[in-house]
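> What follows is a structure written as structure tokens; I'll ask about it next.
Bear in mind these aren't lab numbers, they're just calculated from the coordinates by the rules spelled out. Quantities reported herein were computed from a predicted structural model and do not represent experimental measurements. Here the Cβ positions follow ideal geometry from the backbone for every residue, glycine too, while neighbour counts run over all protein chains shown.
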């Protein structure tokens, strides 16, 4: 019996390795292209100082990041459908959930990889201009708390870039999951990209309504959530709220909490759900 | 159902897509070790049934089992134990032949490397060639290799020769027959061309508009269905007989394709001037009579 279990585990690992390797071979051009463009853009903006470094970070981890998410999410399933290799893939002894999960995992890894490399390129560009300071973060955070920390960090360019990078990457990865799962139904890449653009715009509009509501009522997001305003509940649980929190520093107190909640709701839970061997909902949604 | 001699069991399977009833209660049994021909025009529901057998799609009603496993319960178990080859299979064009074989092998616990290598030699496939650069014939041979190299007990071929030119079709069929003959595997061979599977099948089922309209041993079918040509005494009155699949009148002569010759012989003899001519039919003509002739059968 233990032999059997071990054998089955080894086989499962081989299947996963095969799925991931294929994904990497098929999708790596997206990673290389995305990395070159985003890194070049961020490094260029920071080196040339056409805009301030905070503005550059907002641009890269905001709109450019969202385009990158659409770029990574639209391709993996729809391109296989358009090429009709999807049918070859799903007749293998592997479940559609596993296929979807492998593609999702590769997308997240590529997204995070691109953002890490872009941030390093940005830091290099800053250092090339002589910006070298890296203040004592932990001491300030311990004495002044998270809200003051966010404001304070913006006065230190390299530190603020790193903060933006961490929060922005988590936010984009959170948005990647629902977008990817929704686009897994698209029949071709053009339709998927179009769908991704529309969905992203819709979520951003939704967020703006939520934020302005929270601003007008003057309440902090978490308090408003507790007092059960449905708009704001949606806002705090939306996949890109960490990013929006950081550009609305008034509410940064709840940043760590929101980050954790978002990661659980938008990454851990879908991962667990889709990964179950018999997620009928996913099979039904993705179809054949 | 638990009979181990039954490799594929299908019972009253139904499936609809929107308003369209694709399968309207299909039942059939495929005996272990036999070669079963599954015939139907394009769009008859062949692929839908196969998708259900592979656990890719769920039936609305009815049951099925493949090698004793219910595909709606353990689809992966079914897929690991059968060999499947689709119509017009498209594989990863960017992979090389050897790479693709290696990649697919990861999914099957029972993959036989030596067999895969010898099949590759026999099928004259170059391991270093890009899959995308293969001809259609080579692509189907590669798909056949992938379907057989894990030594499956049951092989499902879904119209494997669709879209091949006559030479490639003949080559592929020769490979299919050569590889399967002495392996003792059960073969479920779906096709829209009867002459293609006639020489190799033990039994055939004809699927038409979502129903099995005939399921019989090939010899019995050939024995049972004949064409009768006669000169009628009264040409104005078309015969109203059971078992007539196809009826054509030309130049004062009637040509009928009938099922169960002996049962209609007395009635036909009585209305003919001069005797009956009974002709053998090949399976294509029989298939045509069942599927196409059906629409033209004179109604009482």
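> So which helices (runs of 4 or more DSSP H) are wholly in region A:39-133 and hold at least 2 residues that are buried (at least 17 other Cβ atoms within 10 Å of the Cβ) and within 14 Å of another protein chain (Cβ to nearest Cβ)? Spell out how you get there, then give the answer.
On the way: elements: A:53-59, A:65-74, A:76-83, A:86-90, A:96-128.
Because the criterion is at least 2 residues that are buried (at least 17 other Cβ atoms within 10 Å of the Cβ) and within 14 Å of another protein chain (Cβ to nearest Cβ), the helices (runs of 4 or more DSSP H) in region A:39-133 that meet it are A:76-83, A:86-90, A:96-128.
> Right, residue B:142: closer than 25 Å to residue B:37 by Cβ and assigned to a helix (DSSP H, G or I) or not? Full working, then the answer.
Numbers: closer than 25 Å to residue B:37 by Cβ: yes; assigned to a helix (DSSP H, G or I): yes.
Yes; evaluated as a whole, the condition is true for this residue.
> Please identify the pairs in which a residue from region B:61-88 that is within 10 Å of chain A (Cβ to nearest Cβ) has its Cβ atom under 7 Å from the Cβ atom of a residue that is part of a helix (DSSP H, G or I), counting only partners at least 6 apart or on another chain.
Partner pairs satisfying both residue conditions: B:84/B:147; B:85/B:143; B:85/B:144; B:85/B:147; B:86/A:87.
> Output the residues belonging to region B:38-96 that are in a helix (DSSP H, G or I), under 23 Å from residue A:83 (Cβ atoms) and touching a helix residue (DSSP H, G or I) at 6+ places or on another chain (Cβ under 8 Å).
none
> Looking only at residues that are in a helix (DSSP H, G or I) and more than 27 Å from the chain's Cα centre (by Cα) in region B:113-130, which one is surrounded by the fewest Cβ atoms within 10 Å (Cβ to Cβ)? So that I can check it myself, show each step before the final result.
Our first condition is that a residue be in a helix (DSSP H, G or I); within region B:113-130, this holds for B:113-122.
Filter again for more than 27 Å from the chain's Cα centre (by Cα), leaving B:113-114, B:117-118, B:121.
Details: B:113: 11, B:114: 8, B:117: 15, B:118: 13, B:121: 10.
The extreme case among them is B:114.
> Take region B:200-222 and flag every residue that is touching a helix residue (DSSP H, G or I) at 6+ places or on another chain (Cβ under 8 Å) and in a loop (DSSP other than H, G, I, E, B).
So in region B:200-222, the residues touching a helix residue (DSSP H, G or I) at 6+ places or on another chain (Cβ under 8 Å) come out as B:200-204, B:206-208, B:213-214, B:216, B:218, B:221-222.
Residues satisfying the conditions are B:200, B:201, B:202.
> Now, a different point. Count, please, the residues in region B:93-105 that happen to be surrounded by 21 or more Cβ atoms within 10 Å (Cβ to Cβ) and within 8 Å of chain A (Cβ to nearest Cβ). Full working, then the answer.
Step one: list which residues in region B:93-105 are surrounded by 21 or more Cβ atoms within 10 Å (Cβ to Cβ), which gives B:97, B:100-101, B:104.
Of the ones still in play, those that are also within 8 Å of chain A (Cβ to nearest Cβ) are B:104.
Of the residues in region B:93-105, 1 are surrounded by 21 or more Cβ atoms within 10 Å (Cβ to Cβ) and within 8 Å of chain A (Cβ to nearest Cβ).
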